[in-house]
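Before any comments, here is the structure.
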Amino acid sequence: MTPPSALEASLELAVARGGDPQAAIYARLFALHPAMEAEFWRDTSGRIRGEMLARTLEVALDLAGAHGQPGGSWAPAFLATEIVTHEAYGIPPAIFAQFLPIVAEVIAEACGDGFTPDMRAAWDAVLAAGRVQPGVAAD
Ligand code: HEM
């Protein structure tokens, strides 16, 4: 299975086994960083959290090579921009950098014993490619 297919299969399995993972992902983020929940004060409907997670999953697929480029085509530049935008919202870069790992962890847990070595390898590659350097913007 190619890395993008393995990644997609893990997302499908996670949803099939545990339903929409959004609540668990944000619960994990806020458990680690309780002060961050208040940063979503404008998100009264949950739409921003939904959009942020959807974009993050697109990032993961791109980093996995879904667009023909393992390591990502547009996602590295997008992450480098978003880390700066988020700093302006009040999100420390070191916390921004933890979101992809949190997503990976929650998806792996939701897959349980269905999380295959291919899926592990695909997510590990995504996390390595998506490692944004706190405080360092892309050139
Ligand atoms: C891979 C990492 C991340 C990506 C790609 C990402 C992406 C995004 C995107 C695309 C939006 C805009 C959504 C919209 O307005 O439609 C957004 C908003 C936001 N993100 Fe993130 N995000 C990431 C990590 C984080 C983390 C760790 C936090 C910590 C709490 C955070 C806090 C926020 C907040 C508070 C907003 C809403 C800002 C506002 O308009 O009031 N993000 N994010």
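Rounded, prolate or oblate: pick one for the chain, where a ≥ b ≥ c are the square roots of the eigenvalues of its C-alpha gyration tensor, a/c under 1.5 means rounded, and failing that, prolate if a/b is larger than b/c, else oblate. Since a/c reaches 1.5 but b/c is at least a/b, the shape of the chain is classed as oblate.
Computed from the Cβ-Cβ distance with R0 of 25 Å, the FRET efficiency linking Trp74 to Leu127 stands at 0.90. The chymotrypsin sites (Phe, Trp or Tyr not before Pro) of region 38-109 that DSSP puts in a loop, and whose beta carbon has at most 11 other beta carbons within 10 Å, are Trp41. The trypsin sites (Lys or Arg not before Pro) of region 17-117 that meet both conditions, a loop assignment by DSSP and at most 16 other Cβ atoms within 10 Å of the site Cβ, are Arg42.
Of Val15, Val59, the sequence from fewest to most neighbouring Cβ atoms within 10 angstrom is Val15, Val59.
Amide H to amide H distances under 5 Å link Gly65 with Gly71, Gly72, where only residues 5 or more positions off or on other chains count and H is placed in the peptide plane. Could you work out the relative contact order of region 12-94, using alpha carbon pairs under 8 angstrom and six or more residues apart, expressed as a whole percent? After rounding, I find 17 percent.
Inter-label distance, Arg120 to Glu105: 1.7 nm, where each label sits 7 Å from its Cα along the C-beta direction.
Between Ile25, Ile91, Ile48, the residue with the greatest mean-square fluctuation in the GNM of the chain (Cα pairs under 10 Å linked by springs) is Ile48. Our summary gives the chain a relative contact order of 38 percent, counting only alpha carbon pairs under 8 angstrom and 6 or more residues apart. With neighbours defined as other Cβ atoms within 10 Å of a residue's Cβ, the residues Met52, Met36 order from fewest to most as Met36, Met52.
Laboratory data are not the source of any read-out in this text; all were calculated from the coordinates shown. Treat the numbers as computed from the prediction; the structure is a model and nothing was measured. Here Cβ is always computed from backbone atoms with ideal geometry, including for glycine, and neighbour counts include all displayed protein chains.
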